[in-house]
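Below is one structure; the comments refer to it alone.
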């Protein structure tokens, strides 16, 4: 069953300095019931705006949004349901816990609006606080609690009415790294228990990987890829997705006589299978540092430019026909700086040469 | 001086630093303390001393006599009544407009935001003069117009009353709350309101349960400013109440001294009443703090997002009309009447174009010795007070924020004290210190007024410099010293240039109110040291309405030019 559906959603902001800015450009997606779905992308890519469109804080410029079998925004029919009628739970980056009321009242707020009776409210609040490990802190005020506890209040508040869909807008980015990791598991556990759909916005790819079943990678308001986490990691749709998910090396190459050479360097060739569509063209090869090996014999011959020992692995920099790449390999292969070695690519992905997006263009889009 | 060195040496921060910093730190600290002791502490101590001591022995009979004098009791009651009305209504108006501009989709927001600050810069006593021209019970233009229509003899509104005084003060004091609440609404993290919406709350429920409670600290701060200002305000009750025997404590203090023709007994009685007035202000502050004790919380968050604006729909234009009518009524109408009367050939003539002339302006600008002197004096006083106070205030702020000496709390307290000390009280203190009883006799010179101005505007300058200094991270100066610059060199090359815009803004924020200052100057002026405010006031009290209006116009024009300069400077700063 579909839980959240976006159909051809576009959102344009009118700004004074840049005129109309398209923050979300023709996005369509289906999120299934009980799924944990992430929006991933750099800041200003449109992910938060997309989430706010689902929440109803922004009205869309084009398209439709459905929650389950109910429409909440349909531009053509000028239909728009305000956020308070959408029956969603939401957690914000800055906690947004109300500082003037105590923990109990913060969590009870949505129930009071439903005009529930006192005993039911107390029961539900206690349950939500227990689930978020806040039992015993009912009478405390938010400023007496830590950041992690404050975010738990926000979480308790968002699940107390047991909504079908939970929207999370970078909920962990204001927490310290250790706490962030443990909160990830807590969110996951809560989801298993209540089986709600999670729409999760983040710019942190590890977080997105750890939490989600599927994700949407966005940039400049456009959908770059919608896929499962494994596919996004192993089969990135384009250079942007490749570089955004994990560490990346790119080598610009040209192909002549069925051989692959680093661009402007017709010395040694890189041994690899040439993808059919790239015969006799320029291309960009992409590879992750941990999918490259250093060997003493064979491979692309070069020497070690730098070496950093990092415990679990060693981080090498080597030169491939004038282009520096990074290699992470286990500590056994003990090459030193200056040593001659061979570079062996275990896996290479092929991408067409694209025009780079200028910083200026990026800034323009970021305005919102 | 020995204690002072101990205080500074006790500061951990300084022990770690090199010798150079200790020396500079001590010097700046000592200098700041000295200036503040002379300008702020001494006048206040002299007031207390003269109230409770007579011929070197404790004697509080004067104070008791003054408190239980029926006229004074009535004045206390009036003061509290007026301040109460002004605070309550001013706060409500301020909240209403700040909410309308901060959270609704009313058009022309940016221009309205600046328009609503105009009343804040409008000299209230000139406003009072304007409203008296409009609404004096018999001669006011609006009242005459009203009586002409109804054919009766009952005026529309009698401005020479408690309600009238309160009304004029509201017009010029509501921006205190407006500014505070507007800035709180701007800085408030919008997700606080959004999370209530998503929890199912309607727009108006959110206003009631989230927005309003969260802005309570800002409302409280603004209301307190209104309360203190109104309690110690002199100009409006002096213009509107004096002639009909309605006195507030500040005007009563002036009356006591005025009647005694400057004798020492009069000054002593004035001091006793001053202690009383300060007592009322302190009690008001304490009550206010108690009422608003709950609620000290952060509502600010760095990530700025636009808050959801409430759609006014069919109420959009009615509300817009309310805004413009309010502005027209409180700003344009008084301005118009002051300029119109200032150009009349003679007071009492109908406001017709054929009765207008530029003669009055030419007279006050080029022929009237009193007005010319006053303009010269005010220019000299405002510019020198602004320059001196700007530097001293910056120095105090620097010692408090950057040097972090242990005694900084004393400095901070002394520098912020003048803000809650009524101008008339400060004037009496300055008289007691500088009229020859202690060291120098500066009475009847410009210097005594200058000293009073410096004390009076110290808080403005200190606050303005503090705000800029807090933006300058300690490491910037440290980096300069690490590169080999001396403490003084780093100050001159790094810190001062970085806070220069704040200092210039501070300069203008002192220059503007000093240009139109009335209360302290009125007690301190001598035959040749009238200021603009005093000149306008005394020409007005002499019954020369037309000339005083013309001079008021000149003052308004000077203030407006200053404001425009201020805006240009602050805009440049934003641009960076």
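List of remarks:
- Residue B:198 being at negative phi, surrounded by fewer than 19 Cβ atoms within 10 Å (Cβ to Cβ) and within 14 Å of chain A (Cβ to nearest Cβ): no
- Segment B:525-558: number of residues that are surrounded by fewer than 18 Cβ atoms within 10 Å (Cβ to Cβ) and not in a helix (DSSP H, G or I): 6
- Test result for residue B:523, at pLDDT below 90, farther than 22 Å from residue B:393 by Cα and touching a helix residue (DSSP H, G or I) at 6+ places or on another chain (Cβ under 7 Å): yes
- Of the helices (runs of 4 or more DSSP H) lying entirely inside segment B:1-69, those containing at least 3 residues that are at pLDDT 80 or above are B:19-36, B:42-52, B:61-67.
- Qualifying residue in segment B:163-185 (condition: within 14 Å of another protein chain (Cβ to nearest Cβ), out of contact with any strand residue (DSSP E or B) (no Cβ under 6 Å at 6 or more places or on another chain) and crowded, with 17+ Cβ neighbours inside 10 Å): yes
Condition check ((1) within 11 Å of chain B (Cβ to nearest Cβ); (2) surrounded by 22 or more Cβ atoms within 10 Å (Cβ to Cβ)) across all residues:
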site	(1), (2)
A:97	yes, yes
A:106	yes, yes
A:120	no, no
A:128	no, yes
A:153	yes, yes
A:166	yes, yes
A:175	no, no
A:178	no, no
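- Test: residue in segment A:246-258 that is on the phi < 0 side of the Ramachandran plot, part of a loop (DSSP other than H, G, I, E, B) and in contact with a helix residue (DSSP H, G or I) (Cβ under 7 Å, 6 or more places away or on another chain): yes
- Looking at B:353, B:380, just one residue is in contact with a helix residue (DSSP H, G or I) (Cβ under 7 Å, 6 or more places away or on another chain) and surrounded by fewer than 23 Cβ atoms within 10 Å (Cβ to Cβ), and that residue is B:380.
- Residue in segment B:385-399 that is more than 26 Å from residue B:498 (Cβ to Cβ), assigned to a helix (DSSP H, G or I) and under 23 Å from the mean Cα position of the chain (by Cα) present: no
- Exactly one residue out of A:258, A:298, A:267 is surrounded by fewer than 17 Cβ atoms within 10 Å (Cβ to Cβ) and either without any contact (Cβ under 8 Å) to a residue 40 or more places away in the chain or not assigned by TED's automatic domain parsing to the domain that holds residue A:322 (or both): that is A:258.
- Failed item in (1) surrounded by fewer than 18 Cβ atoms within 10 Å (Cβ to Cβ); (2) more than 10 Å from chain B (Cβ to nearest Cβ), with residue A:85 passing the rest: (2)
- Any hit, segment A:59-78, residues being within 10 Å of another protein chain (Cβ to nearest Cβ), modelled with pLDDT of 90 or more and buried (at least 17 other Cβ atoms within 10 Å of the Cβ): no
- Top-ranked residue of segment B:191-219 - restricted to ones that are touching a strand residue (DSSP E or B) at 6+ places or on another chain (Cβ under 7 Å) and closer than 23 Å to residue A:151 by Cα, ranked as modelled with the lowest pLDDT: B:214
- Residues of segment A:161-190 that turn out to be touching a residue at least 60 places away in the same chain (Cβ under 8 Å) and assigned to a loop (DSSP other than H, G, I, E, B), as a count: 7
- Scope segment B:210-242; condition out of contact with any helix residue (DSSP H, G or I) (no Cβ under 7 Å at 6 or more places or on another chain) and at the interface with another protein chain (Cβ under 8 Å from one of its Cβ atoms); matching residues: B:213, B:216
Matching residues to (1) crowded, with 24+ Cβ neighbours inside 10 Å; (2) in a helix (DSSP H, G or I):
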| residue | (1), (2) |
| --- | --- |
| B:216 | no, yes |
| B:222 | yes, yes |
| B:228 | no, yes |
| B:233 | yes, no |
| B:239 | yes, yes |
| B:243 | no, yes |
| B:253 | yes, yes |
| B:258 | no, yes |
| B:270 | yes, yes |
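The values are calculated or read from the model by the stated rules, or taken from the named source; none is laboratory data. Values in this document were obtained by computation on a predicted structure and should not be read as measured data. Neighbour counts are summed over all protein chains in view; Cβ atoms, including those assigned to glycine, are modelled from backbone coordinates with ideal geometry.
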